[in-house]
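Heads up, the thing below is written out as structure tokens.
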Amino acid sequence: MSKPVDFCRKRYGHLRKLMQEQELDLVYLLGGGQRLKRIADTTSGAALIVPLDSEPRLFCYSVDINSTREESWVPVEEIKTRVEANKQITDHCNAHLREGSRVGVQSEGFSHTTYGFMKENLRGELVDVAETLVPEVFYGLYPEEARLQRKVSGLADLACTAAREAMKPGATEYEIAAEAEYAMRREGAELTSFATIVSTGPRSAYSHGWPTSRRLSDGEFMLVDLGPMIDGYAADETRTYILGKDPGKQRMLEAVDRAVAAVTEAVRPGARCSDLDAISRRVLADHGFPDYPHSLGHPLSGFAVPNLSKTSDHVLREGMLFTVEPGIYAPGYGGVRLEENVVVTGDGCEQLTLGPRLP
Ligand code: GLY
Ligand code: MN
Ligand code: MN
């Protein structure tokens, strides 16, 4: 059975093929976040340098050197001093470049100082690959890789269930969050990709309401949003529960459920992300609810695309992995968000988070 590193190597092969097609002599990918995990099998490298004429090299600060060497299949070079890091990496790149070489970078990710240093000292021309190479290499899951994402999205289901089971009058948001986190840690979550959200009562109307000492009361909403990770594959699931019954709140929940269902039914290769975003808002409007102040969804697990928003020009293709997370937020009263993880298949989508959305 394939392991995460097998997909990293495959992605690296894909990157090299694209470099040839796009006539890039070297690519300089910055570390940070989960992106490098999907190609170098570690999150702790500072920069991945891929010359077309030679093997890749991962530059890493001393603090993480041992773990990075153990984790990554890519040869690792220690950055000697922070002050000299730009020079050390640029010198390495220059050994693989000549006048007229093309160097692919994601210019937006670099600090002003680093970008300026490279522009001055790197042999060859800097080419921004943020909209070309990067979304092609990091477009989504290979078919056999979906298994790894299923596992972590299943862990998010389990943690949401633990939160629901911990709901009772008088329970604090801290306590509920602790139960959810305990459940996912015990089953193998290595990290969480963001701090667990538990927000109750009127606080559920905050898009991101971190847990507090507030105590839950009968008839209130409880919104739970959590993101376990395994091998750098990240889930991101939201459920909103009602403690007991409240018909008005139930109608809000049902409207968001319908919005999610309308979107997942429309997901398929070729679908436009801005159209999917519009579908979710239309369903909520048809139910008499206002627009929500965030985008419909985002990619997961370090992938670069797709963004599902009003202005996105992304078009879906098989393997793309993202969230679908519309909401209704009524300040002072409460809010509902439901969030699923989906992957695009040949003719539709597979939903990876499978916990019930309605009571
Ligand atoms: N937990 C933040 C989000 O759903 O995007
Ligand atoms: Mn979320
Ligand atoms: Mn999300």
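The values are calculated or read from the model by the stated rules, or taken from the named source; none is laboratory data. On a predicted model such as this, the values are computed, not experimentally measured, just so you know. Cβ atoms come from the backbone with ideal geometry, glycine included; neighbour counts cover every protein chain shown. To get the accessible areas, we keep the full protein, side chains included, count just its heavy atoms, and leave off ligands, DNA and RNA. Shrake-Rupley method; radii C 1.70, N 1.55, O 1.52, S 1.80 Å.
Accessible area of the chain with a 1.4 Å probe: how many percent of it is carbon plus sulfur?
49
Assuming R0 = 25 Å, what is the FRET efficiency of Thr81 and Glu190, from their Cβ-Cβ distance, to the nearest 0.05?
0.25
If a/c stays under 1.5 just call it rounded; otherwise compare a/b with b/c (prolate if a/b is bigger, oblate if not). Do that for region 1-53, with a ≥ b ≥ c from the square roots of the Cα gyration tensor eigenvalues.
In terms of gyration-tensor shape, oblate.
Highest mean first, how do 77-83, 168-174, 30-36 rank when packing is the count of other Cβ atoms within 10 Å averaged over residues?
Ranking the peptides 77-83, 168-174, 30-36 by packing returns 30-36, 168-174, 77-83.
Checking the a/c ratio against 1.5 first, then a/b against b/c, what shape does the Cα gyration tensor give for region 187-319?
oblate
Using the heavy atoms of the protein chains alone and a 1.4 angstrom probe, what is the accessible area of the chain per residue in square angstrom?
Accessible surface, normalised per residue, equals 43 Å².
Taking R0 as 25 Å, what's the FRET efficiency between Val315 and Thr264 from their Cβ-Cβ distance, rounded to 0.05?
E between Val315 and Thr264, to the nearest 0.05, is 0.90.
I want to check the label-to-label distance for Glu254 and Tyr206. Put each point 7 Å from Cα in the C-beta direction and report it in nm to one decimal.
Modelled inter-label distance: 3.1 nm.
Which length gain, in nm to one decimal place, applies between Ala130 and Leu52 when the Cα-Cα distance is subtracted from 0.36 nm times their residue separation?
26.2 nm
Using Cα pairs under 8 angstrom and six or more residues apart, how large is the relative contact order of the chain, in percent?
Reported as a whole number, the value is 15 percent.
So what is the calculated 222 nm ellipticity per residue for the chain, using -39500 (n - 2.57) for each DSSP H run with n of 4 or more, over all residues, to the nearest 500 deg cm²/dmol?
Dividing the helical sum by the residues of the chain leaves -10500 deg cm²/dmol.
Set the bar at 27 Å for Cα to Cα. Now go through Lys37/Lys151; Lys10/Lys87; Lys17/Lys37; Lys10/Lys310; Lys168/Lys249; Lys10/Lys151 and name every pair that lies beyond it.
Pairs exceeding 27 Å: Lys10/Lys87; Lys10/Lys310.
Would you mind putting 139-149, 224-234 in packing order, based on average other-beta-carbon counts within 10 Å, highest first?
Ranked from most to least packed, the peptides come out as 224-234, 139-149.
Need the full-extension length gain, Ser111 to Asp246, defined as separation in residues times 0.36 nm minus the C-alpha distance. One decimal, nm.
The Ser111-Asp246 span can extend by a further 43.5 nm.
Where Lys and Arg each count +1 and Asp and Glu each count -1, what net charge lies around Arg102 among other residues with Cβ under 10 Å from its Cβ?
-3
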